[in-house]
Amino acid sequence: MIQRRVVPVVVACLFLLLLAPASVLGASSHRTVVMRDACDGPSFNAPPPAGIGPGTCARNGGVTLGKFVDQLHAMHRAPAWRFAPSQMKLASGGTVTATNRGGEFHTFTEVANFGPGCVDFLNVAIGLPAGQLAPECAIPGIFGATGAGPGGTVTTDALGTATHKFQCLIHPWMRTTVNVG
């Protein structure tokens, strides 16, 4: 009689485990972040002073350079320039791959603290003091090691148990927090 009751309970428990979200069972050992932007190639690629210069944006259509700058001054960010998701959990020793689905070059750089990036005029446009750059900007080769052009990817090394902060060193409002444990 007891065996007849145990089997349905065991089957029900196994079924519930299959439906349980990953956060209940433990974090994944690999996650993906998407780097996004909506740059408008014609306005971003125009020669200075009207644009930034040829090769800045590999898209046609989107947010014009003028609207982008207006958003930075008004909101201290450009909403279409972002990492998605902005927060995640990861198993200890896991990795994160950031895939660039935008039209501009972005970095996915681990930083000690969220703050400024390496491009002073963008830092000033979002309300930071002139000349204040992220300490990571001084690391030789940082852009090559943590950056990806449109369609490219960058993968972190294995991450230890801690809270890790990742930021684009060009567009410093693009951020993701990875809780590893």
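For residue 114 and residue 34, compute 0.36 nm times the residue count separating them, minus their Cα-Cα distance, and round to one decimal in nm.
27.0 nm
Name the residues whose placed amide hydrogens come within less than 5 Å of the amide hydrogen of residue 171, ignoring near sequence neighbours (fewer than 5 apart) on the same chain.
Under 5 Å from the amide H of residue 171: 107.
With angles folded into 0 to 90 degrees, how steeply does helix 2-19 sit against the dominant principal axis of the chain? Use alpha carbons for both and round to 10.
10
Taking amide hydrogens as modeled 1.01 Å from N in the peptide plane, which residues meet the under 5 Å criterion relative to residue 57, leaving out close sequence neighbours?
45
Based solely on its DSSP helices, what 222 nm [θ] is calculated for the chain when runs of n ≥ 4 H residues each add -39,500 (n - 2.57) and the sum is averaged over all residues, nearest 500 deg cm²/dmol?
Computed ellipticity for the chain at 222 nm equals -7500 deg cm²/dmol.
Can you tell which of 94, 53, 102 shows the greatest fluctuation in a Gaussian network model of the chain with Cα springs below 10 Å?
53
Ordered by residue, what ³J(HN,Hα) values in Hz, to whole numbers, does region 154-169 give under the Karplus form 6.51 cos²θ - 1.76 cosθ + 1.60, where θ = phi - 60° and Gly and Pro are x?
Using θ = phi - 60°, the values come out as 9, 10, 6, 6, 4, 9, x, 4, 3, 9, 10, 10, 10, 8, 7, 6 Hz.
How much length, in nm to one decimal, is gained on full extension between residue 60 and residue 179, taken as 0.36 nm per residue of separation minus their Cα-Cα distance?
39.2 nm
Calculate I(q)/I(0) for region 50-121 by the Debye formula, one identical point scatterer on each C-alpha and no solvent, and give its log10 at q = 0.16, 0.19 Å⁻¹ to two decimals.
-0.77, -1.05
With label points built 7 Å along Cα→Cβ from the Cα atoms of residue 67 and residue 165, find their separation and express it in nm.
Label-label distance for residue 67 and residue 165, simple model: 3.1 nm.
So, with a 1.4 angstrom probe, what is the percent of accessible area on the chain that is carbon and sulfur?
The computed percentage sits at 62.
State, to one decimal in nm², a quarter of the convex hull surface area for the C-alpha atoms of the chain, i.e. the direction-averaged projected area.
One quarter of the hull surface, i.e. the mean projection, equals 13.3 nm².
Between residue 97 and residue 155, what is the label-point separation in nm under the 7 Å Cα-to-beta-carbon projection?
0.6
When ligands, DNA and RNA are left out and all protein chains stay put, how many square angstrom of accessible area per residue does the chain have with a 1.4 Å probe?
Spelled out: the 1.4 Å probe surface of the chain, per residue, equals 53 Å².
Modelling each spin label as a point 7 Å along the Cα-to-Cβ direction, I'd like the residue 46/residue 143 distance in nm, to one decimal.
2.3
The values are calculated or read from the model by the stated rules, or taken from the named source; none is laboratory data. Fair warning: this is a prediction, and the values are worked out from it, not measured in the lab. We place every Cβ from the backbone using ideal geometry, glycine too, and count neighbours over all the protein chains shown. For the accessible areas, the whole protein counts, side chains as well, though only heavy atoms, and no ligand, DNA or RNA atoms are used. Shrake-Rupley method; radii C 1.70, N 1.55, O 1.52, S 1.80 Å.
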